[in-house]
Amino acid sequence: MISNRFLTMAFTLLALPAAGLAYFTQGDAGQEVFSFINTFDSPRNAALEKSAGAALSSDPTITQLNPAAFVMPENKNHVASAHWQTGDMADNQGSIFYTGHYGKYIFQMSYNWLSYGSIDGYDEYGNATDKTYEPFSQLATATFAFPLRHFRFGATLKFAADKLTDESGDRTALGAAFDWGIAWQSPSNRYGLAFMARDFGCLLRDYVDDGNDEYYPMSQAFALAAYLRPAILPRLTVFLDSDFPRYQEAFLSLGGEYALGQHFFARIGLQRTWLDLVRDVKELFASEDRPDETNNAHMLSAGLGYTMDLFSLDYSFSYLAEGMGHEHRLGLRVNF
């Protein structure tokens with residue numbers, strides 16, 4: 001039994017980095033680094049546009065959204081999973097997860113990689129330099145989660161590395177961050193809530209070996225999430241998530257997952273910034289008072305899932321914002 005004193009100390013320690021970095025000042029927009037660590041989405045998370053962080057799931061990649069939301073499949077002790085994606089923003093990107101438990105405590109490890117392919121070099125005047133670069137990014141995570149009396153709690157440690165070039169004086173940048181999350185669901189399992197913090201950390205070593213390190217912070221985002229299974233349509237789960245990043249506009253994610261029988265699932269998700277939602281409402285009512293700027297950011301995804309007792313297959317397709325192309329994701333997990 002974990003004492004109240006221990007929990008108070010743990011939550012205090014988790015809150016200190018956020019307070020120390022003056023999260024709500026919004027004074028360093030554009031200074032965040034290692035944004036690639038937010039792109040390692042599993043097919044299910046991508047299809048739902050990261051909206052499913054409040055609902056407990058036996059898909060271990062739910063820890064990408066909320067470290068507290070994973071539950072072991074019934075009568076299983078281990079889960080191994082992998083997913084891979086390709087598209088206009090990545091030549092080769094994927095993740096490998098292993099999840100196990102000790103009693104009621106859940107632990108997980110993952111390795112994630114991102115290869116951008118070969119990129120031609122250009123100088124400051126836009127002329128080709130005849131040099132070719134192959135940037136490569138990596139992320140390793142360790143997650144620990146456990147149930148409390150009325151809630152579930154989880155935390156993830158992240159270690160990231162990013163190599164841009166092999167030029168003289170350049171080096172692989174290193175960074176560390178942590179996530180934490182709390183999940184609650186009703187006794188009926190028809191609705192639930194969650195509160196998460198993601199990517200609170202900074203560089204440990206920057207990209208240039210010049211004797212001075214710039215400790216730029218990572219994206220640092222708080223998120224609130226909820227889900228509902230309507231009584232009149234129990235096969236449908238509706239998800240909602242609102243993210244509040246330190247360095248970007250706050251945005252809303254909506255998702256829906258429908259069970260087609262016992263084993264098949266259809267999913268769809270949409271992401272939109274709150275600024276654009278305000279603009280849309282004002283345009284709908286033909287108001288003369290509109291925001292001075294807009295992101296015009298649409299993220300739309302859809303996917304399918306097939307789940308059995310021993311294994312699961314997932315696929316998703318994402319249409320990226322601002323004409324940035326599309327992505328395909330394919331995932332497999334095995335329960336044993």
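The values are calculated or read from the model by the stated rules, or taken from the named source; none is laboratory data. Note that the coordinates shown come from a computational prediction; the quantities given were computed from them, not determined experimentally. We place every Cβ from the backbone using ideal geometry, glycine too, and count neighbours over all the protein chains shown. The protein model used for the area step is the full one, side chains on, heavy atoms only, and it has no ligands, DNA or RNA in it. Shrake-Rupley method; radii C 1.70, N 1.55, O 1.52, S 1.80 Å.
Observations on the model:
- Pairs of Lys residues in the chain are counted when their Cα atoms are under 29 angstrom apart and they lie 8 or more places apart or on different chains; the count is 9.
- Table column - 3J(HN,Hα) (Hz), the stretch 235-247, Karplus curve with 6.51, -1.76, 1.60, x for Gly and Pro: 6, 9, 10, 9, 10, 9, 9, 10, 9, 10, x, 5, 10
- Rolling a 1.4 Å probe across all protein chains gives I119 an accessible area of roughly 80 Å².
- With Cα atoms, 0 to 90° folded angle of helix 274-284 axis to the chain main axis: 80
- Average accessible surface area per residue within the chain, 1.4 Å rolling probe, Å²: 52
- Distance from the stretch 115-160 to the stretch 166-244 (C-alpha centre basis), Å: 13
- Solvent-accessible surface (1.4 Å probe) assigned to V71 amounts to roughly 40 Å².
- Within the accessible surface of the stretch 75-164, defined with a 1.4 Å probe on protein heavy atoms only, the carbon and sulfur portion equals 58 percent.
- Cα shape, the stretch 144-249, gyration tensor, a/c 1.5 rule: prolate
- Charge sum, other residues only, whose C-beta stays under 9 Å from A221's C-beta, Lys/Arg counted +1 and Asp/Glu -1: 0
- The H on the amide N of A54, modeled in the peptide plane, is under 5 Å from the matching H of A226, each at least 5 residues off or on a different chain.
- For the chain, the longest site-free run once GluC sites (Glu not before Pro) in DSSP loop states with at most 16 other Cβ atoms within 10 Å are removed: 1-73
- Distance between modelled label sites at N38 and N127, nm, 7 Å Cα→Cβ extension: 3.8
- Given a 1.4 Å probe and the protein chains as shown, L204 ends up with an accessible area of around 100 Å².
- Rounded to 10°, Cα long-axis angle of helix 4-20 versus longest principal axis of the chain: 30
- Cβ-Cβ FRET estimate between E283 and N75, R0 fixed at 51 Å, reported to 0.05: 0.45
- Calculated [θ] (222 nm, deg cm²/dmol) that DSSP helices of n ≥ 4 give over the chain, each run adding -39,500 (n - 2.57): -3000 deg cm²/dmol
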